[in-house]
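Worksheet: the structure to be examined is printed underneath.
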Amino acid sequence: MIALLGNLTYKTKITEPISLKELTMNYPIITQKEPSNTRSFLNNVMKANDVEFHPQFDIVSYGLVKDFAKIGMGISYITKEFATSELENQQLYPIPICEKIPTRNLRFSYSKVYY
């Protein structure tokens, strides 16, 4: 599941669900750099909700997206399952938004290897 996550500062600032438009206009957003699949998905969500989107930070690594959010540089857009420990340790918190972000389907393929 995709989520917008922020540190304690953002959790206390955003206590009620906020629209994507208001969020992107008033808070710094941290995303993966294009052309990642996660970023492309977010671009499509923003476009579907008529939100002009220009994140403040485009980062290559998922780990760095989380790290920037943990130190308060902004709100990260990340797959929630990749931030399980940060959520459990209360280093990051979900930011409530008004719009429903659609779920993504991920598929894996592999080939059998014979030894």
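The values are calculated or read from the model by the stated rules, or taken from the named source; none is laboratory data. Since this is a predicted model, take the numbers as computed values, not measurements. Note that each Cβ is placed from the backbone with ideal geometry, even for glycine, and that neighbours are counted across all protein chains shown.
Does Met25 qualify as being under 21 Å from Lys100 (Cβ atoms), hydrophobic (A, V, I, L, M, F, W, C), touching a residue at least 40 places away in the same chain (Cβ under 8 Å) and surrounded by fewer than 17 Cβ atoms within 10 Å (Cβ to Cβ)? Here the answer is no, as Met25 does not meet what is asked. For Asn7, the criteria (1) out of contact with any Asp or Glu (no Cβ under 7 Å at 6 or more places or on another chain); (2) in contact (Cβ under 8 Å) with a residue 40 or more places away in the chain; (3) within 15 Å of Ile101 (Cβ to Cβ) hold in every case but one, which is (3). Candidates in segment 1-22 are the residues that are closer than 18 Å to Ser85 by Cβ and of a type outside the set (A, V, I, L, M, F, W, C); of these, the one that is surrounded by the most Cβ atoms within 10 Å (Cβ to Cβ) is Gly6.
Can we say Gly6 is small (Gly, Ala, Ser) and within 12 Å of the chain's Cα centre (by Cα)? Yes: the conditions hold for Gly6. For segment 69-96, filtered to residues that are surrounded by 14 or more Cβ atoms within 10 Å (Cβ to Cβ) and in contact with a Ser or Thr (Cβ under 7 Å, 6 or more places away or on another chain), the residue that is modelled with the highest pLDDT is Ala69.
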